[in-house]
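Please read the structure below before turning to the comments.
Computed from the coordinates by the stated procedures, all read-outs in this text should not be read as laboratory data. Note that the coordinates shown come from a computational prediction; the quantities given were computed from them, not determined experimentally. Virtual Cβ from ideal backbone geometry, glycine too; neighbours counted across all protein chains shown.
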Amino acid sequence: MIAVMLGVLITISSLMLAFFLAVANVSYIVETDFMSKAKKNAVMHSFYVAQLQYRAKNFVAPAASHPPKKLDTTAGYLRKNGNGPYNNLTYNITIDSHENIKSQVKIE
Amino acid sequence: MKIKGVTFLELLIAVAISGVIFIALFHLSVLAGKQINIYIERYNVYSQIGYALEDMSARCPPASKILTPFGSDVFNRHSLVFLGPENLRDIKPYRGTTKYKYAINTDTKALELTTNDDKTEVLVDGKYRPEITFTRKANTDANFLIVTIKALCSKAGQLGLPEDVVKAEGIKFWFIDVVRPD
């Protein structure tokens, strides 16, 4: 009887230990996945804004040998998973003299 | 103290009962394993189709030229070839020269993305028998396409789930039209 009780106790405690050890990793994986998705969406959104501005001729290439033109925009606040603090998601789009449009996304 | 033993009959009954219990447990675990396998397969199909659609919705909009355009009487295509930027974070309006092709490989039956005719990436495995259709609806914008990917999850029927997994997404091209005027 004692052996059975001991066996059940060991099984339950190992399951609980495994669960608590895994929680941190699971949360890290979910958070990383969430952030990468948010960044990818922000890049797509920034290019969407850029192409609209470009086609509207508001975002034109600078003359040769001039530095690239910038279009700083904020996409607002991004909530961290699990009701954590808020992060400000910003992106800046640049256009150089060769009309190459680049985007950089930053999450503070 | 007198120790009470078990009779042979009691032993036989105990063995029979435990045998039945073990067989039932074995069958239950096999059944659960099968169900888990089927759900994992369906999840794989879903995620591969999702990945393919995500890739298309990032790569197609900045395209600079469609090499397999739609005409006034062509509304469906099963492959799409176009020119676009090499780096998806550095777009060159109207000037991308990298050739991309989304199509089903006739040998492997997989949905593949071929870049510049030499680099191939498998988007949906051939074992799922994917089908892809690019559709242009009449009376919609000339730069808008609907991509539908259908794949087969043959084991799902065993659980009464539909065998076909279908996902669709609309894609708007930024710089070009998908229709070539006649």
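Subtracting the Cα-Cα distance from 0.36 nm times the residue separation, let me have the gained length for B:Ser47 to B:Arg180 in nm, one decimal.
Working: separation 133, 0.36 × 133 = 47.88 nm, distance 3.33 nm.
Computed gain between B:Ser47 and B:Arg180 is 44.6 nm.
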**Prompt:** What lysines could a cross-link reach from A:Lys39, if we take a straight Cα to Cα line under 16 Å and drop same-chain neighbours fewer than 8 places away?
**Reply:** A:Lys80, A:Lys102, A:Lys106
**Complete:** Within 10 Å of the Cβ of an average residue in B:87-94, the count of other chain Cβ atoms is 6
**Asked** Hey, what angle do you get for helix B:8-59 against the long axis of chain B, alpha-carbon based, 0 to 90 degrees rounded to 10?
**Response** 10
**Separation between Cα centres of the stretch B:24-73 and the stretch B:75-125, rounded to whole Å** = 17
**Fill in**
For B:Leu123, other-chain or 5+-apart residues with amide H closer than 5 Å (H placed, Pro excluded) are B:Leu111, B:Glu112, B:Leu113
**Asked** Which value, in debye to the nearest 20, describes the size of the charge dipole of chain B about its Cα centre when Lys and Arg Cβ atoms bear +1, Asp and Glu Cβ atoms bear -1, and nothing else is charged?
**Response** 340
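Counting each DSSP H run of 4 or more residues in the protein assembly as shown as -39500 (n - 2.57), what helix-only mean residue ellipticity at 222 nm follows after dividing by all residues, to the nearest 500 deg cm²/dmol? Working shown, then result.
Numbers: 2 runs with 106 residues, N = 290.
Computed mean residue ellipticity for the protein assembly as shown: -13500 deg cm²/dmol.
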**Fill in**
For chain A, the longest principal axis of the Cα atoms and the Cα long axis of helix A:2-55 enclose an angle in degrees, to the nearest 10, of 10
**Message:** Could you work out the relative contact order of chain A? I mean the mean sequence separation of Cα pairs under 8 Å and 6+ apart, divided by the number of residues, in percent.
**Reply:** 22
**Asked** the stretch B:90-160: Rg/Rh from Cα coordinates, Kirkwood Rh?
**Response** 1.09
**Relative contact order (percent, whole number), chain B, Cα cutoff 8 Å, 6+ residue spacing** = 21
**Item:** Label-point separation, A:Met1 to B:Lys137 (7 Å along Cα→Cβ), nm
**Value:** 7.3
**Item:** Loop-located trypsin sites (Lys or Arg not before Pro) in the stretch A:29-72 whose Cβ has at most 13 other Cβ within 10 Å (DSSP)
**Value:** A:Lys57
**Request:** Give me the aspartates and glutamates in straight-line cross-link reach of B:Lys137: C-alpha distance below 20 Å, same-chain residues under 8 apart excluded.
**Result:** B:Asp73, B:Glu169, B:Asp177, B:Asp182
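Take the Cα radius of gyration of chain A and divide it by 2.2 N^0.38 Å, with N its residue count; two decimals is plenty.
Compactness ratio reported: 1.87.
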**Prompt:** Just going by the charge dipole of chain B, with Lys and Arg at +1 and Asp and Glu at -1 on Cβ, which of B:Val45, B:Val147, B:Thr98 is farthest out on the positive end?
**Reply:** B:Val45
**Request:** Just grab the label-to-label distance for A:Met44 and A:Thr74, each label 7 Å out from Cα along the Cβ direction, in nm (one decimal).
**Result:** 2.5
**Request:** Please give the residues of the stretch B:127-152, grouped as numeric ranges, whose backbone N is less than 11 Å from a label point set 7 Å along the Cα-to-Cβ vector of B:Val166.
**Result:** B:148-151
**Complete:** Counting Lys and Arg as +1 and Asp and Glu as -1 over every other residue whose Cβ sits under 15 Å from the Cβ of B:Leu152, the net charge comes to +2
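So which of A:Lys37/B:Lys127; B:Lys65/B:Lys172; B:Lys127/B:Lys167; B:Lys65/B:Lys101 end up more than 20 Å apart by C-alpha?
Values: A:Lys37/B:Lys127 28 Å; B:Lys65/B:Lys172 14 Å; B:Lys127/B:Lys167 18 Å; B:Lys65/B:Lys101 12 Å.
Violating the 20 Å Cα-Cα cut-off are A:Lys37/B:Lys127.
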**Message:** Can you compute the FRET efficiency between A:Ala22 and B:Ile146 using 1/(1 + (r/R0)^6), with r the Cβ-Cβ distance and R0 = 45 Å? Round to the nearest 0.05.
**Reply:** 0.65
